[in-house]
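What follows is one structure encoded as structure tokens, with my remarks underneath.
The values are calculated or read from the model by the stated rules, or taken from the named source; none is laboratory data. Because the structure is predicted, anything quoted here is derived from the model rather than measured. No Cβ is skipped: glycine too gets one built from the backbone with ideal geometry, and neighbour counts run over all protein chains shown.
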Amino acid sequence: MNTKNKKNLLIVLLVAIVAILACILVYVANKPKESTQSTTQSNTQQASSAEQNADTQTPNKPDYQLFTNLAKAEKFDPASVKELKVEELKAGTGDTVSEADTISANYAGWNASGTIFQSTKTATDSQAKPIDFPLSGVIPGWTKGLSGKKVGGIYKLMIPANMAYGDKAPSKDVSGPLAFVVEIVAKK
């Protein structure tokens, strides 16, 4: 080989090595951490076992993945929501809450068109983050619908307009009847 061919070969090899190193760095930078993978697998396993046998969940370990799976917005006929309807999606096993209690909860709320207007889960890839509030300080549909329910439970509330925001709705998204899925995480 002549000197020119050797130089060209050396340049090609250096470019190939740099490209391989760049690919390795991109892979390593985007690889999920081991603890994240095991947590995701654990949450998926918990959701499966909770759906098979809800009694095995302890009230001290809320299953946020199960809440996420159940809090799916769907369209509904606003004319069909004439009174408060509460559906138990997962039975709670903890303390019973009253109208005077402050609770910690995850929730997702949507209107009749299926548009989610508020949720404790802020992004599709994030975990729900419970918030604390007094049951006496929320819309009447929540106060009446969640009073008497147990910590650890997940409930679907169909709330008529007069028990939601009524004429005082801050936007069109929350006017009319509303639907919520609420997980009571703790009683404060």
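Residues checked against (1) of a type in the set (K, R); (2) over 16 Å from the mean Cα position of the chain (by Cα); (3) on the phi < 0 side of the Ramachandran plot:
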residue: I103; (1), (2), (3): no, yes, yes
residue: N111; (1), (2), (3): no, yes, yes
residue: S119; (1), (2), (3): no, no, yes
residue: F133; (1), (2), (3): no, yes, yes
residue: K144; (1), (2), (3): yes, yes, yes
residue: V151; (1), (2), (3): no, yes, yes
residue: I159; (1), (2), (3): no, yes, yes
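Screening D77, D63, D55 for residues that are exposed (fewer than 12 other Cβ atoms within 10 Å of the Cβ) and at pLDDT below 65 leaves exactly one candidate, D55.
Select from segment 134-180 the residues that are under 18 Å from G94 (Cα atoms) and of a type in the set (A, V, I, L, M, F, W, C) and write down the one among them that is surrounded by the most Cβ atoms within 10 Å (Cβ to Cβ). This residue is I154. Might you let me know whether segment 107-119 holds any residue that is closer than 18 Å to E83 by Cα, of a type in the set (S, T, N, Q), touching a residue at least 24 places away in the same chain (Cβ under 8 Å) and surrounded by fewer than 21 Cβ atoms within 10 Å (Cβ to Cβ)? No, the conditions are met nowhere in segment 107-119. The number of residues in segment 120-129 being of a type outside the set (A, V, I, L, M) and buried (at least 18 other Cβ atoms within 10 Å of the Cβ) comes to 2. Could you check segment 133-166 and list, in sequence order, the residues that are free of Cβ contacts under 8 Å to residues at least 40 places away in the same chain, of a type outside the set (G, A, S) and within 17 Å of A112 (Cβ to Cβ)? Within segment 133-166, I139, N162, Y165 meet the criteria.
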